[in-house]
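Note sheet for the following structure.
The values are calculated or read from the model by the stated rules, or taken from the named source; none is laboratory data. Keep in mind it's a predicted model, so treat the numbers as computed, not measured. Here the Cβ is made from the backbone with ideal geometry for all residues, glycine too, and neighbour counts use every protein chain on show.
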Amino acid sequence: MVIIPAVRPPLAHEERWKRDLAPSMAFRWLAKGWRDFWTYPAPSLAYGVLIFLLSLVIVGGMFFYGHDYILFPALAGFLVVGPVLAIGLYEKSRRIAAGEPVSLSRMIFVHPKSGAQVLFIGALLCLLMLLWMRAAVIIYALFFGMRPFPGLDHISEMLVTTPTGWAMLVVGCAIGALFGGFSFAISAFSVPMLLDRRVDALTAMGTSLALVWNNLPLMLTWGAIMLVLVALSVATGFLGLIIVFPVLGHGTWHAYATVKP
């Protein structure tokens, strides 16, 4: 019988989940991610290019089919599904640590020890992203009624120059933070764990939730670093993802290796 750690509430602040690590450790994870990026850099760069191209295709598709009104929620949703997309980067860092060969094909065609359990988490995170995108549309309708989306050229002015726009921003950011915080908590360590160990998805998510909750200052710092770097990458027209995404992916593996039970 597999005991799911989340059944033993992380709110209990058990010592099993607590790590005596300063928030500054998050910057060491980032530095290790940078080091792994430059260890056999070609596969990481290629991986980053693939993520960049995927982002362009998705955003271009939104504009082509007239769904630009969900662009901002979709950009936020990228952080939700990012941990699953980065599984190949976790594999590269694992191989470097184990002294195993590294190649792009091994990063793309990963064989997690948990098998198809990764697909379960991937499907759950995709559902969370779709739910958040639908919630964002509902929030817009609640504040602006059935008013058509004014387009990206006018939405910023409408949001920051009207009381209704500011209210929608506050409520939308608060609800988005709940979605983002929950998805971050259940995925921060679960996907690397499924790659590294033969466990079920619920156990991995429960473990991740417990570790995040009981090391909150450290994990908030790591989450803030990820948010800032991804936001800067989006500001560059997604070009920054070519480097930022691999570095964060490698750093996440080192975060898991540091705190894993």
task = Please go through the range 65-115 and pick out each residue that is over 23 Å from residue 193 (Cβ atoms) and modelled with pLDDT under 90.
result = 65, 66, 67, 68, 69, 70, 71, 72, 73, 74, 75, 76
task = Search the range 9-20 for residues that are at pLDDT 50 or above and pair each with any residue that is assigned to a loop (DSSP other than H, G, I, E, B) when their beta-carbon atoms are under 8 Å apart and the residues are at least 6 apart or on different chains.
result = 14/8; 16/261; 17/215; 17/261; 18/215; 19/215
note = Across (1) hydrophobic (A, V, I, L, M, F, W, C); (2) assigned to a helix (DSSP H, G or I); (3) free of Cβ contacts under 8 Å to residues at least 12 places away in the same chain, residue 118 clears everything bar (3)
request  = Kindly provide the set of residues from the range 91-105 that are without any contact (Cβ under 8 Å) to a residue 40 or more places away in the chain and either crowded, with 18+ Cβ neighbours inside 10 Å or in a helix (DSSP H, G or I) (or both), ordered by number.
outcome  = 95, 98, 105
key: Any chance residue 220 is within 16 Å of the chain's Cα centre (by Cα), surrounded by fewer than 17 Cβ atoms within 10 Å (Cβ to Cβ) and modelled with pLDDT under 90   = no
query = Is it the case that residue 88 is farther than 17 Å from residue 253 by Cα and either buried (at least 20 other Cβ atoms within 10 Å of the Cβ) or not acidic (Asp, Glu) (or both)?
reply = no
message = residue 253 - would you say it is among the hydrophobic types (A, V, I, L, M, F, W, C), part of a helix (DSSP H, G or I), within 19 Å of residue 48 (Cβ to Cβ) and modelled with pLDDT of 90 or more?
response = yes
Given (1) outside any helix (DSSP H, G or I); (2) touching a Pro at 6+ places or on another chain (Cβ under 8 Å), index of the condition residue 220 fails = (1)
note = Within the range 54-90, residues part of a helix (DSSP H, G or I), more than 22 Å from residue 247 (Cβ to Cβ) and not aliphatic (A, V, I, L, M) come out as 60, 61, 63, 64, 68, 69, 72, 73
query = With 231, 210 as the choices, which residue is more than 30 Å from residue 57 (Cβ to Cβ) and small (Gly, Ala, Ser)?
reply = 210
